[in-house]
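Read through the structure below, which is laid out as structure tokens, and then see the notes.
The values are calculated or read from the model by the stated rules, or taken from the named source; none is laboratory data. All values reported here derive from a predicted model rather than from experimental measurement. Positions of Cβ are generated from backbone atoms using ideal geometry, with glycine treated the same way; all protein chains shown enter the neighbour counts.
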Amino acid sequence: MKINHLSLTFVFVLLTLLTSCKDDDEPQISTTLVNSQTHHIKVVETNDNLELTIEILSDTTNNLIGNFPDIDLITIAIDKNANGIIDEDFDWGIGILDFNEICTYYLIDSMTISGCGILESEASLNSNFISSSLSPDNHIVWNISIPKEELDDSKPLNMVIKTLAAGEGYTTFPEDNIYNNSATISFSAVLSLDW
Ligand SMILES: [Ca+2]
Ligand SMILES: [Ca+2]
């Protein structure tokens with residue numbers, strides 16, 4: 001029965017390791033930044049990433065593949081030094097290059113960004129047209145994950161999120177941002193996440 005004893009010990013150690021690994025990957029903190037009838041924006045902080053889930057509850061048409069402006073899009077502008085102004089080639093953003101293909105770039109000014117890929121980032125993006133616990137109707141859901149190590153200088157994380165719904169134009173969060181209905185960027189008002 002020596003083997004059985006060893007086997008049991010091994011299984012116990014393995015289970016302990018697996019359990020501790022699982023705990024490491026568990027979400028730590030969940031923050032809801034926007035909660036309206038039309039939009040829901042949540043950030044989950046894990047060990048390594050900030051994971052944004054942006055649900056466009058009001059967009060029940062799938063235009064994830066298409067040509068601008070007849071397409072569903074998202075952009076995030078990040079005020080890296082949280083000073084309320086755009087610092088050229090320093091503050092940065094996330095957008096979409098192609099279907100589920102992320103584009104990361106530097107901000108130049110309120111209407112200009114650098115080309116995709118000039119800013120290297122391990123951030124990832126995924127989009128879906130699905131129902132959720134928030135709505136039984138299929139709707140646009142964006143999942144964006146940003147490595148925390150890329151945000152070390154961004155505390156709090158101040159950002160402006162813009163969504164474009166095909167045929168309906170832009171919506172900006174926070175909604176009191178001065179450029180609510182266009183692609184123009186301003187950090188006049190931001191979503192601020194303490195992490
Ligand atoms: Ca749509
Ligand atoms: Ca700035």
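Could we say that Ile130 is in contact with a Phe, Trp or Tyr (Cβ under 7 Å, 6 or more places away or on another chain) and closer than 22 Å to Asp70 by Cα here? No: the conditions fail for Ile130.
Residues are listed down the side, and each one gets a yes or a no for (1) under 19 Å from Ile146 (Cβ atoms); (2) modelled with pLDDT of 95 or more:
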position: His39; (1), (2): no, yes
position: Ile65; (1), (2): no, yes
position: Phe68; (1), (2): no, no
position: Ile76; (1), (2): yes, yes
position: Gly84; (1), (2): no, yes
position: Ile102; (1), (2): yes, yes
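Counting only strands (runs of 3 or more DSSP E) that sit wholly inside region 24-68, not one has at least 3 residues that are within 13 Å of ligand 1 (Cβ to nearest atom), of a type in the set (Lys, Arg) and under 15 Å from the mean Cα position of the chain (by Cα). When the residues of region 163-195 are filtered to those that are aliphatic (A, V, I, L, M) and part of a strand (DSSP E or B), the one that is surrounded by the most Cβ atoms within 10 Å (Cβ to Cβ) is Leu164. Quick one: is Asp59 touching a Lys or Arg at 6+ places or on another chain (Cβ under 6 Å) and buried (at least 18 other Cβ atoms within 10 Å of the Cβ)? It is false that Asp59 is touching a Lys or Arg at 6+ places or on another chain (Cβ under 6 Å) and buried (at least 18 other Cβ atoms within 10 Å of the Cβ). When Phe173, Phe90 are checked against the criterion of being at negative phi, in contact with a Lys or Arg (Cβ under 7 Å, 6 or more places away or on another chain), modelled with pLDDT of 95 or more and more than 16 Å from ligand 1 (Cβ to nearest atom), Phe90 stands alone in meeting it.
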